[in-house]
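The values are calculated or read from the model by the stated rules, or taken from the named source; none is laboratory data. Just so it is clear, the model here is predicted, and its values are computed rather than measured. For neighbour counting, all protein chains shown are included, and Cβ atoms are generated from backbone atoms with ideal geometry for every residue, glycine included. Side chains are part of the model used for accessible areas, which takes the heavy atoms of the whole protein and leaves out ligands, DNA and RNA. Shrake-Rupley method; radii C 1.70, N 1.55, O 1.52, S 1.80 Å.
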Amino acid sequence: MSLQQLKIPKRKDVINEFKARGGKIAAVLPIHYPRALFRAFSILPIELWGPPKIDNSFSGSHLQAYVCSIVHNALSFLKIGGLDEVDFILVPHTCDSLQGLGSLLVDFVTTTKKVLTLYLPRDKGEPGYEFLGHEILRIYTILSQITGLHPDDALLFDAIHIEEQADKALAELYFKRKKLGLGNMDFYRLIRTREFLPAEHFIKLSQSVLSVSAAKSFNGLPVVLSGIIPEPMELLDELSRMGISVAADDLACCGRRLYQPGVSMNPFRRLSENLFSAAPDPTRGDSLESRIQYLKSLVYKSKAKGVIFYDVKFCEPELFDLPDLKKALKGQGIPSLTLEVDINDPISSQMLTRIETFLEVIR
Amino acid sequence: MSIFSHIKYFMNVKLGARSYIMFNRWRNARRPLRWNTKYLAPPLKVDKITKELIALHYLDGHYVDGRKSVAWVTSGAPVEILQALGYYVIYPENHAAICGVKRKVVEIAGEAENAGYSLDICSYARTDIGAMLSGKSAVGTLPKPDLLLACTNICQTVLHWYRILSYHFNVPLIIIDTPFIYTEYSDADIEYVKNQIEDSIPVAENVCRRSLSFKKLQNVVKMSKDASELWLQIIQRGTHIPAPISAFDQFIQMAPIVEMRGKAATVNFYAALLREVDERIKNGVGAVVNERKRLLWDNLPIWHRLRYFAEYFGTMGISVVASTYTNAWGELAPLMDKDRPVESMAKTYIYPVLNRSAGSKLGTIKRMAEEFHINGVVLHSDRSCKPYSIGQIDQRNRLIHDDRMPALLLEADHNDTRSFSEEQTASRLDAFVEMLGI
Amino acid sequence: MYSNLEALGIDVGSSTVKAVAVDGSGVILWHHMESAEPRVVPQVDHFLKMVSEKFGDISGIPLVATGYGRRLVHVASKQITEISCHARGVFKQLGHGGTLVDIGGQDSKVIIISSTGAVEDFAMNDKCAAGSGRFLENTADRLRVDIDKIGKIALSSTEETYISSTCTVFAESEVISKIANGIAVETILKGLHRSLTLRIVTMIRSLGSLPPLMLSGGVVKNPAIRYMLSEETKEPVVLPDLPQLMGAYGAALIALT
């Protein structure tokens, strides 16, 4: 089956449709944020991972060249009108560069959008949970002031439950990915709809994919992809062309956001539990040991032959861990390859050569 | 702790260091002029003591093994608890800066690059990781840590860096996470930081096997506050015309306030420095002999070119009289309160300039520009410090357009000589100086 | 006379194109090298014409293409990366594994070859040209020195100046200022070679070097790089015969299997 048959809606159409029903739109920067909170206010979060391949010359009047292309592009996108349909911009505090962008948007960049920031605690203990609950409550208060809405616990829980179901659907797609018969590109196009589809639509889409049994499964040499985003997406087609199948991922926009449902009956606590539950992530201060264990388990479960670290240039959170991750994998006989990208650049022939060589090595 | 290590410490540090210091004094007396130009005032007299303090501190570290527990901490970390518990404290950032001043970075950071650490990682971190992996250093070997303490109030870089240290040394890491202040901080922010500081106490106690004495903590907090207040006064003396002390002097003299905060010796040191600065004011001595224009420096210094900048500006009759960077270790002094040590620490450590918004930093620059009678601002765009640097393009533009204040954005790196082009810098500086009307 | 031709390899590099013909046991029967033309396809045709003039009908002879232009060699039975090819060629010639350094015009590679001849690990310099042969070419040009002589001139200098910039653009302005300061050309050249060598050594160390150190590619002709690599790594440097042909040779060997 190909995704053409599934009719993945376009981002623009999703936005227009949601707005036509009286909803508002929030553009959300990477990586973690409480989706359900926004939905309870009839705000649809649409994620902004760049986007890649745009004219990013406009951000240079605010950001230095040593800031990564995701952050540069997000600002350029705002300046060229890419966010005209949007009412809010949410900047989670993910790294120093996004901290800087958030601060610029609040203080210096002229925009009619309401800019919200979210500090994600790096403390893993009770103080961290408690703080995140407060932080989500703070955003609730701001949204209440702006919209005049005051969703009660029941309404909040409606939104929470449906997002938890969507998380579950995403997990199921991951679990059954081999049986879906989708190529690399189609699989990631499908799961990345979680970045802009309302949870209820995403659940429906997942169900329709899961209900069809694949004619034949996509077979290739299995590898694990680790990094931030699989952009430019042509990478995935190139991998297929070479006979590589992405069997599991440790990507910030994808596999690192397989959240578990929370348990608390306090909605704010519940959302904190949910956000805290995902895979190890350096931006949240998870230890190196936990990342090593997680990567190894991905490799073993997916029977991958190697790991490709696909990192965005200047991304310190990823770069710091690389030497030890690679060394630990090597110690287990798992080869790995490191690639660095600017999300605006086409895939270079040098990069393809590196991947092909890696393939020749692991075969 | 063995008797032997105490004897070794006594022989080497108490006796050996004395002769080392005598030798150094003799050597310094033979070379009294630090700057290669007659346009700068002779170096401060306390300069020798600074060097001795730092040398002794690292020497102390050499023989610390078995006598004290060792903690490696970030420059903005709430170190008072560790001081009160009797830890020997090392500041890797400071160590890296010393390697920078001594131009050892390319060699030492090269060891980290050889091990696969990217050139896009902060050069402080690369220097220290290189030192960790190879044992190379500009100050002899560093004692291994028993505990790590990282506070995110300066950057997220330290979070990533200290996780690596924790993994390599296999020792506990305390993270004190301080929410970034986009506009103003809330009670929940303070509560969060306070809770973490409280939770860190048993971890730190456990490692050194001592329990924290509240009285000792109060005493350390008081000394920390006293030293910071003295430092603030020293910086404030820069408002005098001519300025008795330059930002380049401050970059050197700030080492004890970063490295030895909370110690009696540090308080005494800054009292002596303040006296000397006041003496200069009384005698009309300026840091630059013929002070014609006054500048403010933003961001970290370029450690490997301190002399270059001091001499370049000095020759032009330009005194760089203040910096937002050295100011950061003084401006929080009033927030410390020995009667509520933990809570006041939470309020202090959430509030350094690096943990506040880009707009707030512009406010600090503007306020300082007025107080210090500034004619222009140099913003060092530091490739290795994103939190300090992002926002500078707008800050510069606002200074130029709102205040008609000449401002220069200078691309460099605080430690890595490879990200610095002397030719490009020189032509920019020349043009900037012309704009100042010299 | 050449009836024992069994396989062909062609290496379409960024500055030169190389071809090698081998017999059934991997002995080189013929080889040829030319500067690379901007149009790859006609140049490859021209190469194949040369081969058929020499060997007669070559249809049915397996051909493996490598190098950055390998995908444009449509007649090839297979396209293999230059890394695998270099490793194969060098291993066959020298008969042992080790760390192979190949400094090309466009990029530099360090390849760890196991004792069985397999590629164990590899690294390539990043986008920036400072780790490649182009870095030397540019500055040689700037200093008005013949590229073929720069290594010899560099080695003739007893003094050395430190070039700190890792970026070619910065390095060039650094070189200009050094000239302006009256520093001798050979002193600057020695510093430049050091700078390039250190970039390569960083790559070698990041992989964890496996002795001995082997060198292939066009830069082999430069004695300064050879000398400094050995000096910095404290390892002897081993060279294959025909070091510039190792990619094409490896391709031919792969075609043979």
Next on the checklist: Report the B-A buried area as the accessible area lost on both sides summed, probe 1.4 Å, in Å² to the nearest 100.
Outcome noted: 4300
Next on the checklist: Apply the Karplus curve 6.51 cos²θ - 1.76 cosθ + 1.60, θ = phi - 60°, to the phi angles in the range C:64-75 and return the couplings in whole Hz, x for Gly and Pro.
Outcome noted: 10, 10, 9, x, 5, x, 4, 6, 8, 8, 5, 6
Item to check | For the range A:113-224, with +1 on Lys and Arg beta carbons and -1 on Asp and Glu, the positive-most of A:119, A:145, A:165 along the dipole | outcome: A:165
Checklist entry - Between C:123, C:36, C:180, which gets the highest mean-square fluctuation from a Gaussian network model of chain C, Cα cutoff 10 Å? => result C:180
Next on the checklist: Among the listed pairs A:10/A:53; A:124/B:215; A:296/A:330; A:178/A:327; B:48/B:102, which have their C-alpha atoms separated by more than 20 angstrom in this model?
Outcome noted: A:124/B:215; A:178/A:327
Next on the checklist: Given Cα positions, please report Rg to Rh for the range B:393-438, the hydrodynamic radius being the Kirkwood one.
Outcome noted: 1.04
Next on the checklist: Nothing charged except the Cβ atoms of Lys and Arg (+1) and of Asp and Glu (-1): what's the magnitude of the dipole of the range C:40-187 about its Cα centre? Round to the nearest 20 debye.
Outcome noted: 420
Checklist entry - Say each of residue A:42 and residue C:72 gets a label point 7 Å from the Cα, pointing the same way as Cα to Cβ; how far apart are those two points in nm? => result 6.0
Checklist entry - Cross-link partners among lysines for residue C:49, C-alpha distance below 24 Å, same-chain residues fewer than 8 apart left out? => result C:18, C:78
Checklist outcome for this item: Surpassing 29 Å at the alpha-carbon level, of the pairs B:45/B:366; B:347/B:386; A:113/B:386, are B:45/B:366
Checklist entry - Which of A:40, A:128, A:15 sits farthest toward the positive end of the charge dipole of the range A:3-153, with +1 on the Cβ of Lys and Arg and -1 on the Cβ of Asp and Glu? => result A:15
Checklist entry - Just how much of residue C:162 is accessible, in Å², when a 1.4 Å probe is used and the result is rounded to the nearest 10? => result 120
Item to check | Placed amide H near residue B:299: partners under 5 Å, 5+ positions off or other chain | outcome: B:324, B:325
Checklist entry - Given the range B:33-435, what whole percent of its Cα pairs are spread farther than 29 Å? => result 42
Checklist entry - What share of all Cα pairs of the range C:4-94, in percent, falls into each consecutive 10 Å distance bin? => result 17, 55, 27, 1
Checklist outcome for this item: GNM on chain A, Cα springs under 10 Å; top mean-square fluctuation among A:193, A:94, A:110 goes to A:110
Checklist entry - Out of A:97, C:233, A:322, whose Cα points farthest toward the positive end of the dipole of the protein assembly as shown (charges: +1 Lys, Arg; -1 Asp, Glu; placed on Cβ)? => result C:233
Item to check | Rg [Å, one decimal], Dmax [Å, integer] - the protein assembly as shown, C-alpha atoms | outcome: 30.9, 100
Checklist entry - Can you give me the relative contact order of the range C:47-87 as a percent, contacts being Cα pairs under 8 Å and 6 or more apart? => result 31
Checklist entry - Say each of residue B:397 and residue B:282 gets a label point 7 Å from the Cα, pointing the same way as Cα to Cβ; how far apart are those two points in nm? => result 5.0
Checklist entry - Per residue, what volume in Å³ does the convex hull of the Cα atoms of the range A:3-153 enclose? => result 149
Checklist entry - Over all directions, what mean area does the Cα convex hull of the range A:86-132 project, stated in square nanometres? => result 3.7
Checklist outcome for this item: Per GNM of chain C with C-alpha springs under 10 angstrom, the most fluctuating residue out of C:116, C:161, C:187 is C:116
Item to check | Binned Cα-Cα distance frequencies in chain A - 20 Å width, integer % | outcome: 29, 61, 10, 0
Item to check | For the range C:220-232, 3J(HN,Hα) per residue [Karplus equation, 6.51 cos²θ - 1.76 cosθ + 1.60, θ = phi - 60°, Hz, x = Gly/Pro] | outcome: 3, 5, 8, x, 5, 5, 4, 5, 6, 4, 5, 5, 6
Checklist entry - What dipole magnitude, in Debye to the nearest 20, does chain A give about its Cα centre under +1 on Lys/Arg Cβ and -1 on Asp/Glu Cβ? => result 1080
Checklist entry - By accessible area of protein heavy atoms, probe 1.4 Å, what ranking do C:52, B:357, C:156 get, highest first? => result C:156, C:52, B:357
Next on the checklist: Checking the cross-link filter: which aspartates and glutamates have an alpha carbon closer than 14 Å to that of residue A:179, excluding same-chain neighbours under 8 positions apart?
Outcome noted: none
Item to check | Over chain C: Rg over Rh, Cα atoms, Kirkwood Rh | outcome: 1.01
Checklist entry - Which aspartates and glutamates have a Cα less than 14 Å from the Cα of residue B:38, not counting those fewer than 8 places away in the same chain? => result B:291, B:311
Next on the checklist: Could you tell me how far the Cα centroid of the range A:149-174 sits from the Cα centroid of the range B:58-128, in Å?
Outcome noted: 46
Checklist entry - So, in Å, what gap is there between the alpha-carbon centers of the range B:319-398 and the range A:1-54? => result 38
Checklist entry - Rounded to the nearest 20 Debye, what is the dipole magnitude of the range A:3-153 about its Cα centre when Lys and Arg each give +1 and Asp and Glu each give -1 at the C-beta? => result 540
Item to check | Whole-number accessible area per residue in Å² for the protein assembly as shown, which is evaluated in the context of all protein chains at 1.4 Å | outcome: 38
Checklist outcome for this item: Karplus-derived 3J(HN,Hα) from phi for the range B:62-77 (6.51 cos²θ - 1.76 cosθ + 1.60, θ = phi - 60°), whole Hz, x at Gly and Pro, runs 4, 10, 6, 3, x, 9, 9, 6, 10, 10, 9, 9, 7, 5, x, 8
Checklist entry - Carbon and sulfur atoms: what percent of the 1.4 Å accessible area of the range B:376-432 do they account for? => result 42
Item to check | Interface residues in the range A:292-334 - accessible area drops by 40 Å² or more relative to the isolated chain, probe 1.4 Å | outcome: A:314, A:316, A:319, A:320, A:323, A:324, A:330
Checklist outcome for this item: Per-residue ellipticity at 222 nm attributable to helices in the protein assembly as shown (runs of n ≥ 4 DSSP H, -39500 (n - 2.57) apiece, nearest 500 deg cm²/dmol) works out to -15000 deg cm²/dmol
Checklist outcome for this item: Computed over the range B:210-296, the convex hull of the Cα set has an average projected area, in nm², of 6.2
